[in-house]
Amino acid sequence: MSSPDAAAAAAADATATTTSETAKDDTKDKPKLSSYDPEMKVTHVRTERTFKGGIQGRGLVEYNLVYHRMPTGTDAGKADAPVMNSMCTYNGVMYFKGTIDSLSTTEGELIFTITGTWGKDGNMAAVGEWEMIKGTQTGGFKGIDVKLLNGGYDSKGKKDTPCWMVIE
């Protein structure tokens, strides 16, 4: 899954359902864990999110982030590139409690893994992908048999981040 267009294409398949929503970070805790040089650091972020739209509920996300220079092969990857030409690669886990219209109208819980980037190719946007960890469904999601439940987001600098989810 890499974009809302891909989600829309998957939704056209009779076995897939796409749900769109927005997410807003309600809190953010971002301690600096270590610094190797001015352009590279490792850190951790914890955010709480409110989801509205096809997905209703709250999420708690724990991210591990590495800020680094752009990969070589781009102008931004040169050794003398300024700090603003860096990017961030991250992964994490999101705990979600709420409802998903096309899956269950009864509140339940799910856990997703998250991977993503910020600043890739000079774009000032967080772009991430989610994938449900099978066996983490509780409440209204317990017993629901889905082959795949994934999605993602593309912040493009917005406070209410457009998100999508594909259910197969």
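Here are the numbers:
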item	result
1.4 Å probe accessible area per residue over segment 107-161, in Å²	54 Å²
R0 of 41 Å, Cβ-Cβ distance Lys142-His44: FRET efficiency to nearest 0.05	0.85
Accessible area of Met87 in the full protein assembly, 1.4 Å probe (Å², nearest 10)	10 Å²
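The values are calculated or read from the model by the stated rules, or taken from the named source; none is laboratory data. All figures in this text were calculated on a predicted structure; none of them were measured in a lab. No Cβ is skipped: glycine too gets one built from the backbone with ideal geometry, and neighbour counts run over all protein chains shown. For the accessible areas, the whole protein counts, side chains as well, though only heavy atoms, and no ligand, DNA or RNA atoms are used. Shrake-Rupley method; radii C 1.70, N 1.55, O 1.52, S 1.80 Å.
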